[in-house]
1. Go through the residues of the stretch 175-186 one by one and say whether even a single one is of a type in the set (S, T, N, Q), open to solvent by 30 Å² or more (accessible area, probe 1.4 Å), at pLDDT 95 or above and under 26 Å from Ile523 (Cα atoms).
2. In the stretch 143-156, which residue that is touching a residue at least 24 places away in the same chain (Cβ under 8 Å) and part of a helix (DSSP H, G or I) is nearest to Asn182 (Cα to Cα)?
3. Out of everything in the stretch 304-316 that is in contact with a Ser or Thr (Cβ under 6 Å, 6 or more places away or on another chain) and closer than 17 Å to Val248 by Cα, what residue ends up being most open to solvent (accessible area, probe 1.4 Å)?
4. If you take just the helices (runs of 4 or more DSSP H) that sit entirely in the stretch 370-481, which of them hold at least 1 residues that are closer than 30 Å to Met313 by Cα and open to solvent by less than 70 Å² (accessible area, probe 1.4 Å)?
5. Working only within the stretch 73-87, note down all residues that are more than 16 Å from the chain's Cα centre (by Cα) and either surrounded by fewer than 16 Cβ atoms within 10 Å (Cβ to Cβ) or not in a helix (DSSP H, G or I) (or both).
6. Of all residues in the stretch 308-335, which are of a type in the set (Phe, Trp, Tyr) and either modelled with pLDDT of 95 or more or closer than 24 Å to Val259 by Cα (or both)?
7. Residues in the stretch 528-541: is at least one free of Cβ contacts under 8 Å to residues at least 60 places away in the same chain, of a type in the set (S, T, N, Q), open to solvent by 70 Å² or more (accessible area, probe 1.4 Å) and part of a helix (DSSP H, G or I)?
8. Please work out if Gly130 is among the small types (Gly, Ala, Ser), open to solvent by 30 Å² or more (accessible area, probe 1.4 Å) and part of a loop (DSSP other than H, G, I, E, B).
Amino acid sequence: MKHLNKRLLWLLVIPVICLALVSFKGDNRNLQIAKQLEIFNAVFRELDLFYVDTVDVEKVIEEGVQAMVSGLDPYTIYYPEEEEEDLKMMLTGKYAGVGAIIRYHDKYDRVVVAEPYEGMPALNAGLRAGDVLLSIDGEDLKGVDVSTVSNKLRGEPNTTFSIRVQRPTTGDVIETKITRANIALPPVPYYTLFEDGTGYVILSSFTEKCAREVRMAVIDLKNQGAKHLILDLRGNGGGSMAEAVDIVNMFVPKGVEVVSTKGKIRQATSSFKTKREPLDTEIPLVVLVDGQSASSSEIVAGALQDLDRAVIMGRRTYGKGLVQVVRDLPYNSSLKVTTSKYYTPAGRCVQAIDYARRAEDGSVERIPDSLTNVYRTVGGREVRDGGGITPDVEIKNEKLPNLLYYLANNNVLFDFATDYAHCHPTIAPASEFAISDSTYLAFKEAVKASGFTYDRQSEKALKALKEVASFEGYMKDASAEFEALEKKLNHDLDRDFEYFKDDIKLLLADEIIKRYYYQRGSIIQALKEDTTVAQARKLLADPTAYAAIFAPAIR
């Protein structure tokens, strides 16, 4: 009986001990937090008291906070009060300013207007692409960088400032006043119906009410007689998860799970289902993605792929499977913090990098394909987690020729377009405009006269090969071959302009069209030679090939 009582006593004591250990573990963490915070405060007090120079309190503390969050992941960000407008713009797509893209021009050592948005204050006030910014409210802008000028152009809505610009084509100095306004970047900058009955919608961001814009575009296209749809999410870095769910809801029935989240706290774990009746659950649909399609773009693509509702076409997506929420902090500051991971209907997380597992040097790497897991769509097709969304139809990345990269980032092309727009008050519609041979010749001469140069990769590679050959003792026997190859790789700008003529014409046409038809015109121009859109239209025109993609692979 005594042994039995002892046994019962231990059975009662053990849970108490375990509870105490758990409690101690929790208390230990709290003690560690208190300890580290006390150390942080002590270090700052010592610096403030003994450091040889006066410590900038705000700067030191903010840098400490920024260092603290930077060691977690790139999406957990602290926003001090002065950066709240940047956070607001990121979340809503809205900001108060003049509505124009600006760029630095080395010829003037000033910032110039690169592209005014249609219907926005800058364009309404008479500013045009190419105008050189001289001063804002009397403050000279010579040598001032793009970021600083941008901050001066932004401000509270309905506030007015004076600006002086110089028009480079005439030399005229123009002084005018601009009233800042709320700038809402259109989430659906363009949609159209192709002649084959394919509706095309481009979604640039998942900002507030973007799903409504997509819905209106799809309804309009269906009313025009659209038989198939292309939803273009290329370059779309994401945004609101709720908007992503609403977009998927247009094509799948009510009550279907689109995405779920799992986090450390209960509030971060949720399931998001479609809430409305869909627009169309049958219309053939292709979603275009690329390496810049992230976050909410991947939610839409992943859900429609898992539900076998759309063909995903393009290149593998970015791989951002982390969810952030914004937490308010004291003194009008905020913290955008990662609280959970999201999972597609099949149960996969597309996060490509595990930031919790860093190398000793702090670097991170993508999860290798060999460590990803297989999941199944509702129809039984294999899909994988980790590393983004792999398209059903992959399109190889077209590499931009080196010459075109340098032309696109060189002001000689920009200046030529400015001069062209000055000499041509109107041009053909964006869908019809093309660069004539005479215009191309004039552009080539302007490039040559400017002293334009660009990095020639083949010459670099040949030089490196010669160094290796010399180091390994092959140079003597191969000198004749190297000399012959060097002659063949001797770059000739005339030859390069002829070889890449078609590509350069498209690049030049885009810059000129933007002067007349703005963002919409640029999209129309890009669609003329968009091979991915062409392949999507070809697939949609072949019902058998389209349906075959949804057939599960033989296990």
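1. So far as the stretch 175-186 goes, no, none of its residues is of a type in the set (S, T, N, Q), open to solvent by 30 Å² or more (accessible area, probe 1.4 Å), at pLDDT 95 or above and under 26 Å from Ile523 (Cα atoms).
2. Residues of the stretch 143-156 that are touching a residue at least 24 places away in the same chain (Cβ under 8 Å), as a first pass: 143-146, 149-150, 153-156.
From what's left, part of a helix (DSSP H, G or I): 146, 149-150, 153.
On the way: Val146: 20, Val149: 18, Ser150: 15, Leu153: 12 Å.
Within the stretch 143-156, the match that is nearest to Asn182 (Cα to Cα) is Leu153.
3. Asp308
4. 402-408
5. First pass over the stretch 73-87, keeping only residues more than 16 Å from the chain's Cα centre (by Cα): 73, 76-85.
Of everything in the stretch 73-87, those that are more than 16 Å from the chain's Cα centre (by Cα) and either surrounded by fewer than 16 Cβ atoms within 10 Å (Cβ to Cβ) or not in a helix (DSSP H, G or I) (or both) turn out to be Asp73, Thr76, Ile77, Tyr78, Tyr79, Pro80, Glu81, Glu82, Glu83, Glu84.
6. Step one: filter the stretch 308-335 for residues of a type in the set (Phe, Trp, Tyr), giving 318, 331.
Within the stretch 308-335, just Tyr318 meets the criteria.
7. No, because not a single residue in the stretch 528-541 is free of Cβ contacts under 8 Å to residues at least 60 places away in the same chain, of a type in the set (S, T, N, Q), open to solvent by 70 Å² or more (accessible area, probe 1.4 Å) and part of a helix (DSSP H, G or I).
8. Numbers: among the small types (Gly, Ala, Ser): yes; open to solvent by 30 Å² or more (accessible area, probe 1.4 Å): no; part of a loop (DSSP other than H, G, I, E, B): yes.
Here the answer is no, as Gly130 does not meet what is asked.
The values are calculated or read from the model by the stated rules, or taken from the named source; none is laboratory data. Every value quoted in this text rests on a predicted model; they were computed, and no experiment measured them. As a convention, Cβ positions derive from the backbone with ideal geometry for all residues, glycine included, and neighbour counts pool all protein chains shown. The protein model used for the area step is the full one, side chains on, heavy atoms only, and it has no ligands, DNA or RNA in it. Shrake-Rupley method; radii C 1.70, N 1.55, O 1.52, S 1.80 Å.
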